[in-house]
Amino acid sequence: MRRRSKAVKRGRGRSGRRRVPLLELAHARSGDKGDTANVGLIALKPSTIRSS
Amino acid sequence: MTAKRSPPPPTVRIAAGQGFWGDWLEAPYRQVTGGPIDYLMMDYLAEVTMSIMQKQKSRDPSLGYATDFVPLMERILPTLAERGIKVTANAGGVNPRACAEAVAAAARALGLAGKLKIGIVTGDDLLGRLDGLLARGHQLRNLDTGRPLRDVRDRVLSANAYLGAWPVVEALRRDADIVITGRVTDTGLTLAPMIHAFGWRPDDWDLLAAGTVAGHTIECGAQCSGGNCLVEWQRIPDLANVGYPIVAAHPDGTFEITKHAGTGGRITVAGVTEQLVYEMGNPAEYITPDCVADFTTIRLAQAGKDRVRVSGVRGRPATDKLKVSIAYSYGYKAVGSLVYAWPDAYKKAKAADRVLRQRLKDLGLGFEAMLSEFVGADATHGPLALASAPLGELPEVQLRIGVRSPDRAAVERFTREIAPLILNGPPSVTGFAGGRPKPEQIVAYWPALVDKRMVEPCVEIVDV
């Protein structure tokens, strides 16, 4: 790729939050039944999941 | 086979041989010859499979089951008999009896007459009973939309209740060596051998939930042993020789997921976790005919190389309903494609799409849905990918366009509009060797619930 997607542009924003590709934080698997699909996300590190 | 009243064995090994109809034909053979196992479990049935089988049975009453199962069994039957390995498989589809007869014939030809018993589980097929059920007030409402089944009754192709583990347990108790079923749940095929071996009771909810989790983990074959696994996928060893998973189950409901020594693939907490969330609705409430399993209670630990230990599973009482999988005809579809080459491959494909849509509009053809994908640019990641892909430099782009309509003639006309674009559309086109696309019937899925008491599972045992 010659240029990076806007969607995954890194660096700190004004809010102090950082945008990173989801793949850096989680792995995933999807499955489907009829027209409905689920996406299961699994944090690579348990500390990534923060209960709100 | 083994004496019925011997003390429960500490470990029962249940090996997954097939994760769907079409899975790797080598896997069952490798599972029965590659190391010690007690049971071979083979899952064949996806939602749409039953309607395909029902169609085959309507053309030929001796069909309607997973035909691949018979030559596959022929290959492993001598090993099964020699090692005392039992089989649970829902290969029977909508015609378990015909499937059992074909396997019995294969066994006799191998000189195994009098040496094997086949259990047949039926009672799941509700197609012939639908009108009776509707007349008695069972509306079989679509679980997703709430619509009553009468809205599409005249287009129903198949209707099967999901049976659980217990009819399979009964077949095993009656000394079946091979249990061939219709629509038994994927998980029930693994849970049944555990119930049978350990003497679990119908209200041992935690144990039944544990066996259900074991079944869910291996029901998709190698999908938990390195296949389709995202975590460090490039480091998963020797997928060409991938080992299918084996559950080593214990009477207390704990179990390990493992595979035969010397096989490829990888069994790790990460890979097993991916499989656990596959096709998951509410993780706290995984509902089967046998119990309600709480997947949030599962504890996983790496117990060694290619060995994951599973414990802590909690379960709750089963509901009084069974899920019914109904397939019905939903009009027609056709999909055509053309490939455009660099330079400006994406622009050429877009132009072809515009021309084609204009012509369909000018012909007055209305479609319920029309979908264009530009394979190489947006087919897997959608508009998000278009925002960042180097669209001007893609080496090639495939225009893949599909239509859907209740009107077969409109779909038929669409299939004749693809090829002309080769000569009268944008340049640098290829990839039309496959010929004109064919209209196909769309089979749609209608999930419903029915009262358990309306479904009577039936178990027969036949001697080979």
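The values are calculated or read from the model by the stated rules, or taken from the named source; none is laboratory data. Keep in mind that this is a model prediction, so the values were computed, not measured. Cβ coordinates were reconstructed from backbone atoms using ideal geometry, including for glycine residues, and neighbour counts include every protein chain displayed. Heads up: the accessible areas ignore ligands, DNA and RNA and are worked out on the full protein's heavy atoms, side chains in. Shrake-Rupley method; radii C 1.70, N 1.55, O 1.52, S 1.80 Å.
When the pairs B:Lys117/B:Lys305; A:Lys33/B:Lys321; B:Lys57/B:Lys115; B:Lys86/B:Lys259; B:Lys86/B:Lys321; B:Lys57/B:Lys323 are compared against a 26 Å limit on Cα-Cα distance, B:Lys117/B:Lys305; B:Lys57/B:Lys115; B:Lys86/B:Lys321 fall above it. Placing A:Leu22, B:Leu365, B:Leu399 in order of accessible area, with the largest value first and a 1.4 Å probe, yields A:Leu22, B:Leu365, B:Leu399.
A Cα-only calculation for the stretch B:153-198 places Rg and Dmax at 13.1, 46 Å. In a solvent-free Debye calculation with one equal scatterer on each Cα, what is log10 I(q)/I(0) for the stretch B:276-369 at q = 0.11, 0.17, 0.20 Å⁻¹, listed in the order of the q values? Debye curve over Cα of the stretch B:276-369, log10 I(q)/I(0) at q = 0.11, 0.17, 0.20 Å⁻¹: -0.71, -0.86, -1.09. Only protein heavy atoms count here; on that basis, with a 1.4 Å probe, B:Lys57 has an accessible area of about 60 Å².
Stretched out straight at 0.36 nm per residue, the stretch from B:Thr11 to B:Glu285 would grow longer than its current Cα-Cα span by 95.9 nm. Prolate is the label for the stretch B:92-142, because a/c, from the alpha-carbon gyration tensor with a ≥ b ≥ c as root eigenvalues, is 1.5 or above and a/b exceeds b/c. In Å², and per residue, what accessible area does chain B have when probed at 1.4 Å with the other protein chains present? For chain B, the solvent-accessible area averages 43 Å² per residue. Rounded to 0.05, the FRET efficiency of the B:Leu423 and B:Lys347 pair, given R0 = 22 Å and the Cβ-Cβ distance, is 0.70.
How large, in Å, is the stretch B:382-464 by the Kirkwood hydrodynamic radius built from its alpha-carbon pairs?
Values: mean 1/r = 0.0537 Å⁻¹.
Value: 18.6 Å, from the Cα pair sum.
Inter-label distance, B:Lys305 to B:Asp151: 5.6 nm, where each label sits 7 Å from its Cα along the C-beta direction.
Annotation: the stretch B:174-277 has a Kirkwood hydrodynamic radius of 14.6 angstrom, from the mean reciprocal C-alpha pair distance. Panel values: the stretch B:1-160, Kirkwood radius from alpha carbon pairs, Stokes-Einstein at 37 °C and 0.692 mPa s, translational diffusion coefficient 184 µm²/s.
Leaving ligands, DNA and RNA out of it, report the carbon-plus-sulfur percent of the accessible area of chain B at a 1.4 Å probe.
Details: 10640 of 20110 Å².
In chain B, the share of accessible area belonging to carbon and sulfur is 53 percent.
If the chain linking B:Asp175 and B:Leu384 were pulled fully straight, counting 0.36 nm for each residue of separation and taking away their Cα-Cα distance, it would gain 69.6 nm.
Sorted from greatest to least, the principal axis extents spanned by the alpha carbons of the stretch B:193-254 come out as 44, 18, 16 Å. Panel note: the C-alpha atoms of the stretch B:79-220, placed on their principal axes, show extents of 53, 39, 27 Å (largest first).
Along its three principal directions, the equivalent ellipsoid of the stretch B:316-393 from the Cα gyration tensor extends over semi-axes of 37, 22, 9 Å, largest first.
The angle between the Cα long axis of helix B:96-109 and the main principal axis of chain B comes to about 70°, on a 0 to 90 degree scale. Buried on complex formation within the stretch B:274-312 (loss of at least 50 square angstrom of accessible surface versus the isolated chain, 1.4 Å probe, ligands and nucleic acids ignored): B:Glu274, B:Val277, B:Glu279. Relative to the longest principal axis of the Cα atoms of chain B, the long axis of helix B:205-218 makes an angle of roughly 50 degrees.
Accessible surface comparison of A:Lys33, B:Lys259, probe 1.4 Å, protein chains only, largest first: the order is A:Lys33, B:Lys259.
Relative to the longest principal axis of the Cα atoms of chain B, the long axis of helix B:69-83 lies at roughly 20 degrees.
Buried on complex formation within the stretch B:434-464 (loss of at least 30 square angstrom of accessible surface versus the isolated chain, 1.4 Å probe, ligands and nucleic acids ignored): B:Tyr445.
Counting heavy atoms of the protein chains alone, B:Trp342 has an accessible area of about 150 Å² for a 1.4 Å probe. Dividing the alpha-carbon radius of gyration of the stretch B:248-325 by the rule-of-thumb value 2.2 N^0.38 Å gives 1.24.
Per the Kirkwood formula applied to alpha carbons, the stretch B:259-416 shows a radius of gyration over Rh ratio, Rg over Rh, of 1.17. All other residues whose Cβ lies under 11 angstrom from that of B:Asp144 are scored, Lys and Arg at +1 and Asp and Glu at -1, for a net of +2. Shape analysis of the stretch B:236-288 places it in the oblate category; the axes a ≥ b ≥ c from the Cα gyration tensor give an a/c of at least 1.5, with a/b not above b/c. Distance from the alpha carbon centroid of the stretch B:69-123 to that of the stretch B:307-375 works out to 37 angstrom. With N counted as the residues of chain B, its alpha-carbon radius of gyration over 2.2 N^0.38 Å works out to 1.09. Figure note: B:Glu82, B:Glu417 ranked by solvent-accessible area, largest first, 1.4 Å probe, ligands and nucleic acids not counted: B:Glu82, B:Glu417.
Pairwise inverse Cα distances across the protein assembly as shown, averaged and inverted, put the Kirkwood hydrodynamic radius at 25.3 Å.
Given R₀ = 45 Å, FRET efficiency for B:Arg201-B:Ala113 by Cβ-Cβ distance, to 0.05? According to the calculation, E is roughly 0.80. Nearest 5 is fine: what % of DSSP beta bridges in chain B come out antiparallel, could you say? Looking only at bridges with both residues in chain B, the antiparallel portion is about 80 percent.
How much mean residue ellipticity at 222 nm does chain B get from its helices, if each DSSP H run of length 4 or more adds -39500 (n - 2.57) and you divide by all residues, to the nearest 500 deg cm²/dmol?
-8500 deg cm²/dmol
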